[in-house]
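What follows is one structure encoded as C-alpha cells, with my remarks underneath.
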Amino acid sequence: MTMILLFLGTMALSLLASWRVRSAYNRYSQVRASSGYTGAQVAQRILDLNNIRDVSIHAMPGHLVDHYDPGQKRLVLSEENFHGNSVAALGISAHECGHAIQHQQLYAPLQWRMAAVGITQIASQVVMWIPLIGMLGGFFPYKLAITIMAIGFGIMMLFQLVTLPVEFDATARAKKVLASTGAVSAGPEYNAMSKVLDAAALTYVAAFVSSLGYFLYYILQMTGARGDDE
C-alpha cells in the first residue's frame, strides 16, 4: 500500500509540475517581447556578450525540447523558441545560454552533474529492471534486491539534488541578462518571463522530491528487513 501511495503521489507531483510549465508557456508564448528579438538572436547576443565563440545554436522540431549539450557544445532550441519573439521564447533561450556560461566558467555543480550522467543512467536502468527480473522473477534474494534499489535511487536522488543549483543558477542568469540588455522590458514582460522560468524550475524540484521519496522508501525497507533477521 505504501508503494502504491508513493507511486501515485510522485506521479501526481510530476504531472502537476509538467502542467504548470505547459500552462505558463502556452500563455506567455502569446506575449510578444517589445524588443522584437527572436530566441535565436537573444541566445547569440548573450553568447557574444560572454565571449563564447565555440557554442553553436540549432533549431529542433518539437515542443519544449530546448537544452544545452555540453558534450557537443550545442545550444538547441525548439523551432517555436528559435524563431519566436515571445517573452517565453526569450526566457527559455536565455536560460539555456545560462548553462553554456556555466560550462565556460567551470561552474562546479554543472561539472558534478556532467560527471554523474553515466552512473545515473545505469542506476535508472537498474531500478527499472530489478523489480521485474529480481524480486518478481526470484533471481535476487529480497534483501539484496532492496539494497540495490536503495543504492540506485540514492544515486538518482543525488543527481537530482545537484541539478537544482544548476537550474536555479541558469534561471537567475537568464533573468539578469534579459533585464540588463533590455531584451525584455521591466514590468509585465519581465514578470511574464519570470513565471515561465519559475514554473520550469518546479519540474526539477518535483524530480528531486520523487527520487528522494523512493530512496527513503527502500531505506526503510532495508531497515525492516534487517530488523526481521534480529
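The values are calculated or read from the model by the stated rules, or taken from the named source; none is laboratory data. None of these values were measured; they are calculated from a predicted model. Backbone-built Cβ (ideal geometry, glycine too); neighbour counts: all protein chains shown. The area values use the complete protein model at the heavy-atom level, side chains included, leaving out ligands, DNA and RNA. Shrake-Rupley method; radii C 1.70, N 1.55, O 1.52, S 1.80 Å.
So the values come out like this:
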| read-out | value |
| --- | --- |
| In sequence order, calculated HN-Hα J values of the stretch 25-31 (Karplus, 6.51, -1.76, 1.60; Hz; x Gly/Pro) | 5, 4, 6, 8, 6, 8, 9 |
| Karplus (6.51, -1.76, 1.60) ³J(HN,Hα), θ = phi - 60°, over the stretch 69-79, in Hz, Gly and Pro reported as x | 9, x, x, 9, 6, 10, 9, 9, 10, 4, 4 |
| Accessible carbon and sulfur surface of the stretch 1-148 relative to its total accessible area, %, 1.4 Å | 62 percent |
| Extension gain (nm, one decimal) between Leu202 and Lys73, 0.36 nm per residue minus Cα-Cα | 43.9 nm |
| Segment Leu15-Tyr190, extension gain: residue separation times 0.36 nm, minus the distance between their alpha carbons | 60.4 nm |
| Cross-link reach list, lysines versus Lys176, counting only Cα pairs under 26 Å and skipping chain neighbours closer than eight places | Lys73, Lys195 |
| Placed amide H near Met60: partners under 5 Å, 5+ positions off or other chain | Leu77, Ser78, Glu79 |
| Rounded FRET efficiency, nearest 0.05, which uses the C-beta distance separating Gln105 from Leu132 and R0 of 41 Å | 0.45 |
| Förster radius 25 Å - calculated FRET efficiency between Ser180 and Val117 (Cβ-Cβ, nearest 0.05) | 0.20 |
| Burial order of peptide ranges 95-107, 201-213 (average beta-carbon count within 10 Å, highest first) | 95-107, 201-213 |
| Convex hull (Cα only) mean projected area of the stretch 102-230, reported in nm² to one decimal | 10.1 nm² |
| Residues of the chain: accessible area per residue with a 1.4 Å probe, Å² | 52 Å² |
| 3J(HN,Hα) from dihedral phi, the stretch 204-221, Karplus parametrisation 6.51/-1.76/1.60, rounded to Hz, x for glycine, proline | 6, 5, 4, 5, 5, 4, 5, 5, 5, x, 5, 4, 5, 4, 6, 5, 5, 5 |
| Pairwise FRET efficiency - Ile151 versus Leu64, Cβ, R0 = 30 Å, nearest 0.05 | 0.40 |
